[in-house]
Amino acid sequence: MTKIGSKVPTAHPFMANSAPESYKEMLRVAEVGDIDELFEQIPAEHLYTGEWNFPEPLKSEASLYRHVSGILKQNISCEDYLNFLGAGCWQHYVPAICDEMVTRTEFLTSVWGTPSSDHGRNQVWFEFASQIGELVGMEFVGLPLYSFGTAGGHAIRMASRMNKRHKVLIPRSMDPERLAVLKTYCGYAELDGFIEIVQVEVDPQSGRLDLRDLESKIDHEVTAVYFDNPNYLGVIEKEARAICDLAHKFGVEAIVGVDPISLGVLASPAEYGADIVVGTTQPLGVHMNCGGGVGGFIATRDEERYAREYPTLQVSLTDTIEQGEMAFALTLFEQSSYGSREDGNDWTGNSVYLWAVANATYMSLMGPSGFKSIGHSILERSHYAALKIAEIPKLSVPWRTDFFKEFVVNFDATHKTVAEVNTALMTHKIFGGKDLSEDFPELGQSALYSVTEIHTQEDLDTLVAALEEVTK
Amino acid sequence: MIKSRIRKYHAPVWDEPLVMQLGAEGRQGVALPITEPAISEVVGSPEDLIPLSMRRTSALGLPQLSEFEVQRHYLHLSQETLGMMQISLFGTCTMKYNPRVNEKIVYQPYVAEINPHQDEKTLQGSLEVVSRFDHLLRELSGLDKFVFQAGGGADAAYIQACITRAFHASRGELAQRNEIITTSQAHPCNPATASAAGFKVITLPLEENGYPSLEALKSVVSSRTAALMVNNPDDIGIYNPNIREWVEVVHQAGGLCFYDHANFNGVMTRIRAADLGFDACMFMLHKTFGGPKGGGGPAVGAYGCTSELIPFLPGPLVERNEGGSYELRDAGDLSIGRVREFWGNVPTVIRAYSWTRAMGIEGLRDAANISVLANNYMEKRILSIPGITKGLPELTQRRLEMTRYSLGELTQETGVTTIDIQNRMPDYGIDGYWLSHEPWFIPEPFTPEAGELWSIEDLDYWIDVLEIVCTEARENPELVKSAPHNQPVHQLSGANLSDPEKWATTWRAYQRKYMEID
């Protein structure tokens with residue numbers, strides 16, 4: 001326990017004016033005798049004067065590095081083990097240049113400079129939005145949001161403000177983590193702005209949204225249908241066009257969530273009728289960071305009725321007083337919470353703007369051919385794994401075609417739980433797929449396996465052999 | 001009086017085209033691993049793996065560049081970003097040193113290449129840092145538990161709005177308690193998240209003491225009150241000395257009290273939220289606790305509360321079990337669920353833990369003292385510049401870590417506004433200052449925050465530049481009004497970007513609106 005008073009500091013590497021001479025000079029100029037005088041506004045009874053249970057400082061960088069990294073090295077990473085976990089946070093290769101850019105001090109430490117002094121960063125933001133727009137086929141794109149789920153939540157609220165309806169249809173296959181966020185955003189029946197979530201069944205044969213169930217539930221009271229493509233279980237919603245058409249028949253907004261890494265090979269949501277596109281940005285050059293790598297986006301057609309409902313900030317290309325010079329400025333700022341407080345659209349604040357730098361870099365590196373190649377690579381590798389796993393006695397892959405990156409593996413016939421299988425796989429230095437048994441009990445003992453471009457044939461064969469052994 | 005030698009400065013100008021305008025057909029920035037023949041043998045052509053209706057048929061209009069071309073482009077853009085490369089006293093954001101060692105740590109695979117669904121046994125390092133930092137924040141606030149799921153300060157305010165909902169719903173009182181009270185000086189995220197969560201917002205205006213009166217609060221508190229969401233001190237450096245009574249009044253009416261600790265830097269180790277009676281508070285790890293801003297995140301709004309509210313926290317919760325290892329626990333039936341996927345921006349929690357350990361408790365006290373002292377040091381000199389006055393000058397007590405000033409007199413005299421000066425200061429290498437949140441009640445405002453990072457010479461240099469620009473405003477107002485002059489681009493044309501025909505948030509939209517193909 002430490003008791004602290006106010007005394008002249010000793011020099012600390014993070015604080016220039018902690019050098020006693022500098023500190024005393026400030027006291028002199030500011031005409032302060034005792035530092036406590038400066039806190040005269042705070043009543044004495046508000047001040048904490050007790051003891052502190054605080055560890056000793058580690059002023060030395062060497063000691064600090066050793067301490068912090070020493071704790072963290074207890075982790076076992078997806079470089080130590082072969083990883084097949086995805087489920088909302090996926091392991092893709094992050095090009096070195098993406099890491100270089102997000103650790104550049106200029107990008108890393110900037111805040112809100114002027115449009116001229118932070119021109120470079122604003123241009124990156126515009127290039128982020130422009131390239132996302134290319135992938136999803138939309139012309140209006142906001143700056144990133146906290147995550148896929150928060151983007152979905154705001155998109156549903158946009159739809160509800162637009163058509164003044166308060167019911168949203170969401171397939172049973174929705175990521176439970178994401179669904180929990182959507183529920184939060186849809187509010188409580190006792191208060192204003194509540195949106196009821198109605199679940200649409202999944203066709204057990206295909207893993208896709210059950211169109212007939214959708215037909216029975218959709219009506220003129222529904223604000224939006226929101227589905228992900230591919231869905232959480234990896235299945236491609238190949239009837240996406242029919243879903244969107246059905247929505248439009250009832251004046252319902254079609255919200256589609258995407259993993260942009262699929263869009264070099266999969267149709268863009270705009271092509272099959274999406275009105276609002278949301279998605280994740282993490283696969284585009286950002287490490288998983290234990291979930292701290294997630295980010296989201298919202299994109300729509302460039303129509304005023306959509307643009308006026310964005311909760312985000314967005315940058316627009318514009319010109320300067322110098323002929324022919326381009327620059328970037330915030331647009332529709334006044335409809336944000338910064339501009340209009342509680343009268344703005346939802347709220348905004350710090351988001352994951354640094355990841356937009358990684359995303360823009362990644363998309364530029366990939367280009368059209370890179371996106372196509374990575375899409376193909378993921379398809380080939382994930383399908384290879386699924387086929388090989390399906391050949392293992394007692395294991396089954398319920399949806400063996402029409403999936404991207406992730407697929408479900410069922411272990412019921414092994415009479416082992418996914419938890420037991422995954423524990424056994426760890427002894428082979430493998431992280432098995434995400435356990436679905438709690439969130440999707442109708443799938444029995446099933447796991448969601450994620451296979452990406454990082455997995456070699458050897459990795460996949462290693463997995464297959466290990467699965468075979470642990471389920472014997 | 002100018003104290004410094006003013007350096008020559010010009011920002012790098014690369015006249016950098018958009019990435020979409022660079023490159024040439026067929027170039028590639030990455031090569032993918034070659035698909036092993038055995039894989040192709042088993043799965044066949046990848047195109048055939050996609051249902052016909054879902055194959056992409058439209059071309060992707062993305063740029064085609066080599067790896068170096070991409071690297072060079074984004075390096076140029078980084079250089080065209082001033083940020084903290086010289087001096088940034090951006091108020092309310094607490095510009096402080098972001099220790100480089102933290103970047104070294106968080107890009108190691110044992111931090112970066114971690115999937116949140118991994119078995120807890122393989123996450124012990126991250127869980128331990130989160131838990132240790134939770135305990136440090138408990139100590140600094142007197143509260144009982146912290147969570148880090150919120151992706152920023154506003155998201156933490158949203159947690160409060162959601163917990164307010166769940167708390168009153170659990171008592172069957174939500175339909176009746178639908179009002180959240182805040183003040184005009186609270187950050188916009190407080191009223192905005194309250195409203196987004198479904199509450200009606202009551203905003204108390206400032207009164208002559210620089211904060212709303214206790215009577216004003218009492219006049220709006222009722223059985224409809226769900227919560228109070230306030231900051232203290234506010235971002236003009238004024239501390240509401242009645243805050244304890246405020247909390248009591250709201251508690252007596254059955255409402256919850258949330259302390260937005262955005263301005264914690266000046267009161268670290270002096271004020272603890274729990275001691276003032278608050279039920280919950282929020283700290284910004286990307287501001288007060290040494291995490292980098294990133295131009296706007298990834299950030300963390302650390303949300304802490306009393307034991308009474310713990311059952312409502314978003315999950316999963318990091319706990320230490322009896323055996324001494326760490327685990328992720330379900331938050332239980334009363335939990336608000338999630339405000340964001342997973343358990344937070346873990347790298348920034350690590351950075352904040354590391355920064356706090358480097359400081360120690362005495363270092364935190366020193367930082368708070370230095371911040372407030374530096375603000376008062378600056379005030380002496382800034383108020384000696386003709387045309388600048390102090391916001392609410394009749395309040396003579398010492399301001400805390402920020403003071404809001406007014407350029408109103410200078411504007412009246414010269415026509416040069418605070419935005420003109422904000423545009424001109426970067427011509428000397430100084431990042432533009434913060435003006436004021438909405439609503440503006442001080443004319444032509446600006447709000448520097450000295451913090452503990454910047455040296456006396458830095459603070460003096462900043463003030464020197466301000467003084468020079470104010471002199472320019474008198475002697476050559478056009479020079480200031482047409483600023484900047486030494487930046488990557490000139491002043492914006494002022495085109496009305498609220499006009500749907502003019503805005504263009506993507507290159508696609510711009511091409512359609514401005515570059516119709518002939």
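Given points 7 Å out from each Cα along the Cα-Cβ axis, report the residue B:72 to residue B:440 separation in nanometres with one decimal.
Calculated label separation equals 4.3 nm.
Assign unit charges at the C-beta atoms only (+1 for Lys and Arg, -1 for Asp and Glu), then state the dipole size of chain B relative to its Cα centre in Debye, rounded to the nearest 20.
Value, rounded to 20: 440 debye.
Hey, got the average number of other protein chain Cβ atoms within 10 angstrom for residues in A:57-70?
5
With heavy atoms of protein chains only and a 1.4 Å probe, what residues of region A:313-332 have at least 30 Å² less accessible area in the full set of chains than alone?
Buried by the other chains: A:316, A:317, A:318, A:319, A:320, A:321, A:325, A:326, A:331.
What FRET efficiency, computed as 1/(1 + (r/R0)^6) with R0 = 30 Å and r the Cβ-Cβ distance, is obtained for residue A:217 and residue A:93, rounded to the nearest 0.05?
Taking R0 as 30 Å, the efficiency between residue A:217 and residue A:93 is 0.15.
Just need the relative contact order of region A:96-362 here, percent rounded to a whole number, with Cα pairs under 8 Å and 6+ apart.
Computed value for region A:96-362: 27 percent relative contact order.
In what sequence, largest accessible area first, do B:56, A:381 appear using a 1.4 Å probe?
If we order B:56, A:381 from most to least accessible, we get B:56, A:381.
Let's see if you can work this out: charge +1 on each Lys and Arg Cβ, -1 on each Asp and Glu Cβ, no other charges. What is the dipole magnitude of region B:1-156 about its Cα centre, in debye to the nearest 20?
About 1140 debye.
Of the heavy-atom accessible surface of chain A (probe 1.4 angstrom), what whole percent is carbon and sulfur?
Here carbon and sulfur together make up 49 percent of the probe-accessible area.
Other chains' Cβ within 10 Å of B:85-94 residues: what's the mean?
2
Give me the accessible area per residue for the protein assembly as shown, probe 1.4 Å, as a whole number in Å².
Here the per-residue accessible area is 32 Å².
Net charge within 15 Å of residue A:43 by Cβ-Cβ distance, Lys/Arg positive one each and Asp/Glu negative one each, not counting residue A:43 itself?
Once positives and negatives cancel, what remains is -3.
Regarding the protein assembly as shown, what are the three Cα extents along the principal axes, ordered largest first, in Å?
The principal-axis extents, from largest down, are 82, 71, 58 Å.
For chain B, what is the mean residue ellipticity at 222 nm derived from helices alone (per DSSP H run of n ≥ 4: -39500 (n - 2.57); sum divided by total residues; nearest 500 deg cm²/dmol)?
Calculated from helices alone, the mean residue ellipticity at 222 nm is -10500 deg cm²/dmol.
What lysines could a cross-link reach from residue B:502, if we take a straight Cα to Cα line under 18 Å and drop same-chain neighbours fewer than 8 places away?
B:513
Quick check on packing: order A:183-191, B:45-53, A:1-9 by the mean number of other C-beta atoms within 10 Å, highest mean leading.
Output ranking for A:183-191, B:45-53, A:1-9: A:183-191, B:45-53, A:1-9.
Can you give me the relative contact order of region B:104-356 as a percent, contacts being Cα pairs under 8 Å and 6 or more apart?
28
Using only Cα atoms and rounding to the nearest 10 degrees, what angle (0 to 90) does helix A:20-29 make with the longest principal axis of chain A?
With both axes taken from Cα atoms, the answer is about 70 degrees.
Just to confirm a number: summing +1 for Lys and Arg and -1 for Asp and Glu over residues other than residue B:367 whose beta-carbon lies under 15 angstrom from that of residue B:367, what do you get?
+2
To the nearest 20 debye, what charge dipole does chain A have about its Cα centre, counting +1 at the Cβ of each Lys and Arg and -1 at the Cβ of each Asp and Glu?
Using only the charged Cβ atoms, the result is roughly 740 debye.
Could you order the peptides B:427-434, A:452-459, B:391-398 from most to least packed, using the average number of other C-beta atoms within 10 Å per residue?
The packing order, highest mean first, is B:427-434, A:452-459, B:391-398.
Please report, for the Cα atoms of chain B, the Rg to one decimal and the Dmax as a whole number; what are they, in angstrom?
Rg then Dmax for chain B, in Å: 26.1, 82.
Whole Å is fine, so just give me how far the alpha carbon centre of region B:413-491 lies from that of region B:137-203.
Each part reduced to its Cα centre gives a spacing of 35 Å.
For chain B, calculate the relative contact order in percent as a whole number, restricting contacts to Cα pairs under 8 Å that are 6 or more residues apart.
Across chain B, relative contact order equals 20 percent.
Can you list residues from other chains, or at least 5 along the same chain, whose modelled amide H is less than 5 Å from the amide H of residue B:318?
HN-HN under 5 Å from residue B:318: B:329.
Counting only other chains, what is the mean number of Cβ atoms within 10 angstrom of the Cβ of each residue in peptide B:373-386?
3
What's the FRET efficiency of residue B:394 with residue B:213 using the Cβ-Cβ distance as r and R₀ = 22 Å, to the nearest 0.05?
Calculated value: 0.90.
Can you give me the angle between helix A:353-390 and the longest principal axis of chain A, using Cα atoms only, in degrees from 0 to 90, rounded to the nearest 10?
30
Summarise the accessible area of region B:79-173 (1.4 Å probe, protein heavy atoms) by the percent that is carbon and sulfur.
44
So for region B:104-356, taking the charge dipole from beta-carbon charges (+1 Lys/Arg, -1 Asp/Glu), which of B:344, B:141, B:201 sits furthest toward the positive end?
B:344
Report, to the nearest 10°, how far helix A:240-249 tilts away from the longest principal axis of the Cα atoms in chain A, using its own Cα long axis and a range of 0 to 90°.
Orientation of helix A:240-249: about 80 degrees from the principal axis.
Would you mind computing, in nm to one decimal, how far apart the modelled labels at residue A:45 and residue A:472 are, each placed 7 Å from Cα along Cα→Cβ?
7.5
Give me the lysines in straight-line cross-link reach of residue B:200: C-alpha distance below 22 Å, same-chain residues under 8 apart excluded.
Of all the lysines, those that pass the test against residue B:200 - Cα under 22 Å, at least 8 places apart if same chain - are A:164, A:167, A:183, B:218.
For a quick check of your reading of the filter: which GluC sites (Glu not before Pro) in region B:248-334 sit in a DSSP loop and have no more than 15 other Cβ atoms within 10 Å?
Of the GluC sites (Glu not before Pro), the ones in loops of region B:248-334 whose Cβ has at most 15 other Cβ atoms within 10 Å are B:308, B:322.
Taking a probe of 1.4 Å and counting only protein heavy atoms, give the total accessible area buried between chains B and A in Å², rounded to the nearest 100.
Buried: approximately 19000 Å² between A and B.
Residues of region B:394-416 losing 20 Å² or more of accessible area relative to the isolated chain, 1.4 Å probe, heavy atoms only?
Relative to the lone chain, where solvent access is computed with a 1.4 Å probe, region B:394-416 loses at least 20 Å² at B:397, B:398, B:400.
Tell me what chain A gives for mean residue ellipticity at 222 nm when only DSSP H runs of n ≥ 4 count, each as -39,500 (n - 2.57), the sum divided by the residue total, rounded to 500 deg cm²/dmol.
Result for chain A, helices only: -11000 deg cm²/dmol.
Which listed residue (A:377, B:94, B:49) has the Cα farthest towards the positive end of the charge dipole for the protein assembly as shown, taking +1 on Lys and Arg C-beta and -1 on Asp and Glu C-beta about the Cα centre?
Ranked along the dipole, the leading option is B:94.
The values are calculated or read from the model by the stated rules, or taken from the named source; none is laboratory data. Remember, predicted model here, so these are calculated numbers, not experimental data. Virtual Cβ from ideal backbone geometry, glycine too; neighbours counted across all protein chains shown. The accessibility values were calculated without ligands, DNA or RNA, using every heavy atom of the protein model including side chains. Shrake-Rupley method; radii C 1.70, N 1.55, O 1.52, S 1.80 Å.
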